[in-house]
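The structure appears right after this line, and notes come after that.
Each reported figure results from applying straightforward, stated rules to the coordinates on display, with no laboratory input. Note that the coordinates shown come from a computational prediction; the quantities given were computed from them, not determined experimentally. All Cβ positions, glycine included, derive from the backbone under ideal geometry; neighbour counts span all protein chains shown.
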Ligand code: LMR
């Protein structure tokens, strides 16, 4: 194992371009932290001092190299979706306001990393920014599982109220110890069920194989329906449905339309049973290594983009719903209030199942964001 002194020395004497400097700093800081944790030789003050020394060295190297900081933003969806649009808007505003200082590169459609690999890549600082679905964080914090509880939010306005509440904002910081910082929430919309048979009541889903995101709550949701959940990367869903590896899925209209899911699913049940939203995240060490004035401007831009994305996402989904109707490729089923209540009753036990991990207080706070309490 390298000694901390050696790592710092190696860093200072090696020649880097600024991009490599940042990557090296983050990797080195991570290694130092692990060394420190492993050996418990150094106390936290020393840990902070070493990190600060390396980070400040990075600033001088970066300034010396006079190259822009590169932010690779990788995601798995199409450019036309709320997340795709948000990433492009962020790139454009950074280009306008931080030209020469920061450069954002956007990689949509799993073109750089797909599900499963993107978080690992962020932690290794191979990408610097992601916006994974909130369903994909349970490995890092159990609390964020709250967003997957079925029938928790009445509508997307309730989702926004919760995200902007103190409880919602605190979740952005809940993974910092793991090296992940949340900068904001981008909503897609509520999810709809799809299959090649009509799903009107919970019993219609029995025995069907549903593609789910990598989430224990979503796994439990389909088990509660006596269906068979299959965890599958987003980029593999279309083929999975086409070949019959899975029979159904749950997506908001924007993902159904942009992935052409309606072409391989005869029916879409407008269930609005769960949420698909994202957390925009960065590698904590990378983020903290950015000079303060630039970081403040990036935060400001991100906040502006978040407001825009969240203002437009529901309408974008409604427009995609209309395109699906116009395509005549799939039939949209509307549930009666009684039918919807049956779906809610069937999956409600999932709340109790995850209450211990999520926390009853947090669930109450989320419920309180609904306009009318049930
Ligand atoms: C999914 O896997 O269904 C979604 O998380 C994809 C996305 O990012 O919208």
**Complete:** Expressed in angstrom and rounded, the centroid-to-centroid distance over alpha carbons for the range 243-286 and the range 299-341 is 11
**Anisotropy class of the range 86-134 from Cα gyration tensor, a/c 1.5 cut** = prolate
**Request:** Obtain the nm distance between the two label points defined at residue 357 and residue 238 by a simple spin-label model: each point lies 7 Å from its Cα along the Cα-to-C-beta direction.
**Result:** 3.1
**Request:** Taking 7 Å along the Cα-to-C-beta vector as the label spot, tell me the residue 293-residue 105 distance in nanometres, rounded to one decimal.
**Result:** 2.7
**Prompt:** How many times 2.2 N^0.38 Å is the alpha carbon radius of gyration of the range 268-317?
**Reply:** 1.61
**Asked** Roughly how many nanometres apart are two label points built 7 Å out from the Cα toward the Cβ at residue 157 and residue 92?
**Response** 2.8
**Request:** Run the numbers on the range 139-274 and let me know its relative contact order in percent, using alpha-carbon pairs under 8 Å that are six or more apart.
**Result:** 32
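Taking the Cβ of each residue in 314, 262 as the centre, tally the other Cβ atoms inside 10 Å and list the residues starting with the fewest.
Details: 314 22, 262 25.
Final ranking by Cβ density, sparse to dense: 314, 262.
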**Complete:** The distance between the Cα centres of the range 132-155 and the range 66-98, in whole Å, is 24
**Message:** Using Cα-Cα distances under 8 Å and only pairs 6 or more residues apart, what relative contact order does the range 135-196 have, in percent?
**Reply:** 26
**Message:** Counting C-alpha atoms alone, how compact is the range 113-196: give Rg to one decimal and Dmax as a whole number, in angstrom.
**Reply:** 13.9, 44
**Asked** Using bins 5 angstrom wide from zero, how does P(r) for the range 209-322 break down, in % of all Cα pairs?
**Response** 2, 10, 16, 18, 15, 12, 10, 9, 5, 3, 0
**Message:** Which of the three applies to the range 303-374, rounded, prolate or oblate, going by the alpha-carbon gyration tensor with a ≥ b ≥ c and a/c under 1.5 meaning rounded?
**Reply:** oblate
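Please tell me the relative contact order of the range 161-235 in percent, rounded to the nearest whole number, where contacts are Cα pairs under 8 Å and at least six residues apart.
On the way: 63 pairs, mean separation 15.3, N = 75.
In percent, rounded to a whole number, it is 20.
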**DSSP bridge orientation in the range 162-274 - percent antiparallel, rounded to nearest 5** = 60
